[in-house]
Each structure stands twice: as C-alpha cells, then as structure tokens.
Amino acid sequence: MDNNKDEKILLTLKEAANYFGIGINTLRRLTNKHTNLCIFNGNRRMIKRSTMEKWLLNHNVFDC
C-alpha cells in the first residue's frame, strides 16, 4: 500500500466528519445507503478512508 504510517485506514464517524468536513448525520445516512464505504465492528461504524475519498471525488452531490 502507499499509505503513510501516520494515516489511518479506518476512521470513526467523528474522525471522518472532521477529515472530510461532513456532518456525522450525513455520514450515517451516506453509509446506510452505500455500505461499501464503511465496515461495522459490532454496532460501531468505521469509515474506509481511501474508499470514501474516491467516492467523494466521483460524486458531485450527496445522494443520501
């Protein structure tokens, strides 16, 4: 992989909201509809950073 050691692969909703500049509720709705953007650890939702970055670059409007 081409990730730096300091970059996390998975982000919590709070971390992802800060990183991407998106509200937590918007992230929840988005990942409810597009489940490939996250994984679940029990009931904890973890955002796949690289997948979310690619998705955001390819979509002009949040369709959630």
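Derivation of every value follows stated rules applied to the coordinates shown; laboratory data play no part. In this text, all values refer to a predicted model and were calculated from it rather than measured experimentally. Here Cβ is always computed from backbone atoms with ideal geometry, including for glycine, and neighbour counts include all displayed protein chains.
In order along region 6-21, the phi-based Karplus estimate (6.51 cos²θ - 1.76 cosθ + 1.60, θ = phi - 60°) of 3J(HN,Hα) comes to 7, 8, 7, 7, 10, 10, 5, 4, 5, 5, 5, 4, 5, 5, 8, x Hz; Gly and Pro are listed as x. Per-residue extension of 0.36 nm, minus the Cα-Cα distance of T51 and T26, leaves a gain of 7.4 nm for this segment. Relative to the Cα centre, the charge distribution of the chain, modelled as +1 at Lys and Arg Cβ and -1 at Asp and Glu Cβ, gives a dipole magnitude of about 280 debye.
Can you check what the net charge comes to around I24, using other residues whose Cβ is under 12 Å from the Cβ of I24 (Lys, Arg +1; Asp, Glu -1)? Value of the local net charge: +3. Remark: C-alpha extents of the chain on the principal axes read 32, 29, 20 Å, sorted largest to smallest.
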